[in-house]
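One structure below.
The values are calculated or read from the model by the stated rules, or taken from the named source; none is laboratory data. All of these numbers come straight from a predicted model, not from anything done at the bench. Cβ placement follows ideal geometry from the backbone for every residue including glycine, while neighbour counts extend to all protein chains displayed.
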Amino acid sequence: MLRDALKDWLATRTPAQLSLLADRGALRSRGREPSPDEYVHLLQQEQVIARLAGFCTLPDLQALRAISWLSAQRDGPFPEDRWAAGDRAVARTEVVGLLAGHDETLRAEAEATLDRLADQALLHPPHGEQIVAPSYVHRYLTTDLGLGRPVARLISQYLNAPEVHRLATALGLDQAPSREAAQRNVVAYLTDPARLRTLLDKAPASAKELLDRLAYEGPGVEVRCFHLAGSYGSNKYTFFAGGSGHAGADWLAARGLLLPAGVVGTAELPLEVAMAVRGEVRAPFTPHPPEPGDLPRAERVEPTAQAAVNTLTWQLERLLAGCVAQPLPVRRSGGVALRDLKRLAKEITSPELLLELCFRAGLLGVVPEPAANRREGPSYVVLPTKGYDKWVAREPAQRLVPIIAAWVVCRSIPLWDPAPAQGTAAYVRDALGRSDDPDAVSLRYALLEALAAAPGLRVADAAPYLVAAATWHRPVRMPTDPATGAQRIDATLREATQLGVLADGCLTELGHTVLALLRTGQAWKSPHTTLTPALAAMLPAPRSTARFQTDLTAVVSGVPGATLAALLSTVGVRESEGHAVVWRITQASVRSALDAGHTAATLLDRLRAVAESGLPQPLEYLVNDVGRAHGRMRVVRSGCCVRSDDEALLTELVHARPLRHLGLRQIAPTVLISGKPEGETMEALRAAGYAPALEAETGATLVEQPGARRAP
């Protein structure tokens, strides 16, 4: 029946609702949407419900606990065999009343919360006057709402017949013929609100004080009113002959208002007594997140964020270019050595964050290198991937898009490491896939929601507010240890600040864009279409011209475009970053440009095309001087040489039609060069009817040995 109801309910969902449900429940398989039957099957599994519960806000969780509590009062504790539990339905009006009482505003909030839980598949359809929660809710999200167990359950479980008769006598009840009859009389008395209130009015002051505390702070109290009635292992209790030493507790225990809790030295206030003290029983319900209060205003939010994004752009470029020039070795125990991290930190802020994001964005990867010692096995280094070549050719704003997109859904907090290994950067262990933090994205979302609730305020300085607000948005995902939670929050805020999501303790426009991606679920699908215009608006328009100075420097005021940066990096060495980027042009850098295929004339033409006010004379002299010296001696590329004292034979080989594919060229009367390696050249010569011999570098003739056969 539930399968049919689930299938009917899924048919009423919009594509956007189904997509968000699939994301939150991790229902997708290899990038495709589940079929209706697959949806139904997955939504009946506890691990999927557990994942969906991780997206609950505090009022969502409070509503689920209220449902579970009402179910437990009617049907008893949830059985070990969940299949024997049945539907365990509760009335919707009872849930709303438990959460909101008679407050019409709160009742509307409670109704909206139940509707939201139904939309998230955390309540079983059909969603009518009866509410049915999945077994996971009853098994793991149950709570007593600060109330004890029913009096009948406590008496049955922990008292023998003499103690039950003693309670009946203390309450002024007639003597009963059996334990069962005495227990019925006692339970009837203690569950009658009118008789119970009359009894409580007679309680001494010390008893009333203890009752008020237990009714609102929790039912358990450490007091020695009872001790075990039998040997060790018995679950029955009897009264201490001399009392506990607390007059109020002894008065309550003598009349069944405090009963054994099943733990030596502990007593429990029964549910009915707590309800009588409280009057109207209400479950905790907090429909709105906490208010930020009086916080200082943030200043220069967007300019600070723009500076951070600008710095991030060139630091990413420098990091990846550095990995090209000097690949990072990977330790055999995992991770990159601490000395490499310190080397990177001299030029880059928080390299652990940028390395992690580059890995997750597909710009860095790990490749094996053959080991010198066969026993040691291959070693590994960190190198840019093929995607880096396309990335470096993009404009600055487009380069940042995959980095920000990777951070939004990054299943780790790169700047936080609970237990770093000695000499190893923690982020490398994450980047190489050794650990994932399932709560990282939820914590990031909860913090962004808390920051968005206080626009223009320096919220990052208010740690108590951030913890309370983040807990409201994702209570299941917050660490229970306050110290750990504070460290994780601080690390997340530092990451957001470095990426321009946060500035001066306040959420930026980019931060609001990131939050919208998480709210809608687009962060896992197509974040690029949203992030690209947001980042382009933060960065100034890329510059396409430079100012060349007589000291042989090229200065770009602002952010250089990809084409301009590539040209200047070819002919010069990048010296400084910031509001102005400076390249130093030297004899060695010009020579490198000529080595890359430029000529002096074409290089000067390209530089003139991007010069704001022409090229200074010293620069033209430098390029022309280096150009005249470049190429006076040449190194010829070839696969091998063909040597013979018979000059006519070599001339014949150059013009032989079957050998044209070798690209033979005569560079001396007795020497030819071939564009193919010696093996392929020898094979072609023999196929054409010639009889060549293989010669070593020393001039000695080599005897060819057939290669040994190897396994693939």
Just checking, how many residues over the stretch 121-141 are in a loop (DSSP other than H, G, I, E, B) and touching a Phe, Trp or Tyr at 6+ places or on another chain (Cβ under 7 Å)?
1
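Checking the structure you have, find out if any residue of the stretch 529-550 is of a type outside the set (Val, Ile, Thr) and within 17 Å of the chain's Cα centre (by Cα).
Step one: filter the stretch 529-550 for residues of a type outside the set (Val, Ile, Thr), giving 531, 533-544, 546-549.
So of that shortlist, the ones also within 17 Å of the chain's Cα centre (by Cα) come out as none.
For the stretch 529-550, residues of a type outside the set (Val, Ile, Thr) and within 17 Å of the chain's Cα centre (by Cα): absent.
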Scanning the stretch 392-412 for residues that are at pLDDT below 90 and within 21 Å of LEU443 (Cα to Cα), which turns out surrounded by the fewest Cβ atoms within 10 Å (Cβ to Cβ)?
ARG411
With a cut-off of at least 1 residues that are at pLDDT 80 or above, within 29 Å of the chain's Cα centre (by Cα) and in the same structural domain as GLN157 (by TED's automatic domain parsing), name the helices (runs of 4 or more DSSP H) lying wholly within the stretch 1-93.
none
Just one of the numbered conditions (1) under 27 Å from ALA283 (Cα atoms); (2) modelled with pLDDT of 90 or more; (3) out of contact with any Lys or Arg (no Cβ under 9 Å at 6 or more places or on another chain); (4) exposed (fewer than 15 other Cβ atoms within 10 Å of the Cβ) is not true of ALA188; which one?
(3)
How do the pairs read when you match residues in the stretch 569-593 that are under 16 Å from VAL610 (Cα atoms) and not assigned by TED's automatic domain parsing to the domain that holds LEU312 with residues anywhere that are loosely packed, with under 13 Cβ neighbours inside 10 Å and among the aliphatic types (A, V, I, L, M), using Cβ under 7 Å and keeping only pairs 6 or more apart or on different chains?
THR570/ALA596
If we scan the stretch 672-695, do we find a residue that is more than 27 Å from HIS655 (Cβ to Cβ), at pLDDT below 85 and either surrounded by 13 or more Cβ atoms within 10 Å (Cβ to Cβ) or of a type outside the set (Phe, Trp, Tyr) (or both)?
no
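Considering only residues that are of a type in the set (D, E, K, R) and in a helix (DSSP H, G or I), look in the stretch 315-344 and name the one that is surrounded by the fewest Cβ atoms within 10 Å (Cβ to Cβ).
Our first condition is that a residue be of a type in the set (D, E, K, R); within the stretch 315-344, this holds for 317-318, 331-332, 339-340, 342-343.
Filter once more, keeping what is in a helix (DSSP H, G or I): 317-318, 339-340, 342-343.
Details: GLU317: 18, ARG318: 16, ARG339: 9, ASP340: 20, LYS342: 11, ARG343: 15.
Among those residues, the one meeting the criterion is ARG339.
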What pairs come up if the first residue lies in the stretch 470-495 and is closer than 18 Å to PRO292 by Cα, the second is at pLDDT below 85 and in a helix (DSSP H, G or I), and their beta carbons are under 8 Å apart, counting only those six or more places apart or on different chains?
LEU493/ALA460
Among residues of the stretch 191-223 being among the small types (Gly, Ala, Ser) and surrounded by fewer than 19 Cβ atoms within 10 Å (Cβ to Cβ), the residue modelled with the lowest pLDDT is GLY218
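Scanning for something assigned by TED's automatic domain parsing to the domain that holds LEU10, at positive phi and not in a helix (DSSP H, G or I), does the stretch 98-111 turn up at least one residue? Reasoning before the result, please.
Of the stretch 98-111, the ones assigned by TED's automatic domain parsing to the domain that holds LEU10 are 98-111.
Then drop every residue that is not at positive phi, which leaves 101.
The next check asks that each one be not in a helix (DSSP H, G or I); those that pass are 101.
Checked the stretch 98-111: at least one residue is assigned by TED's automatic domain parsing to the domain that holds LEU10, at positive phi and not in a helix (DSSP H, G or I).
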Quickly run through the stretch 204-233 and pick out the residues that are more than 17 Å from THR266 (Cα to Cα) and under 49 Å from the mean Cα position of the chain (by Cα).
GLU209, ASP212, TYR216
Under 8 Å by Cβ, and 6 or more places apart or on different chains, what pairs join a residue from the stretch 354-374 that is more than 16 Å from GLN326 (Cα to Cα) with one that is outside any helix (DSSP H, G or I) and at pLDDT 90 or above?
GLU356/CYS410; LEU357/CYS410; ARG360/CYS410
Only strands (runs of 3 or more DSSP E) wholly contained in the stretch 501-615 count here; list those with 1 or more residues that are buried (at least 19 other Cβ atoms within 10 Å of the Cβ).
553-557, 580-584
With respect to the numbered conditions (1) at pLDDT 90 or above; (2) surrounded by 20 or more Cβ atoms within 10 Å (Cβ to Cβ), which one is the sole condition not fulfilled by LEU106?
(2)
Could you go through the stretch 509-517 and let me know if any residue there is out of contact with any Cys (no Cβ under 9 Å at 6 or more places or on another chain) and farther than 30 Å from GLU299 by Cα.
no
Under 6 Å by Cβ, and 6 or more places apart or on different chains, what pairs join a residue from the stretch 138-163 that is at pLDDT 80 or above with one that is among the β-branched types (Val, Ile, Thr) and assigned to a helix (DSSP H, G or I)?
VAL151/VAL187; ALA152/VAL187
Here are the criteria: (1) of a type in the set (A, V, I, L, M, F, W, C); (2) over 30 Å from ALA588 (Cα atoms); (3) in the same structural domain as THR563 (by TED's automatic domain parsing). Tell me which single one LEU615 does not satisfy.
(2)
Please go through the stretch 288-346 and pick out each residue that is touching a strand residue (DSSP E or B) at 6+ places or on another chain (Cβ under 8 Å), of a type in the set (S, T, N, Q) and at pLDDT below 90.
SER333
What's the total number of residues in the stretch 472-486 that are outside any loop (DSSP other than H, G, I, E, B) and not hydrophobic (A, V, I, L, M, F, W, C)?
6
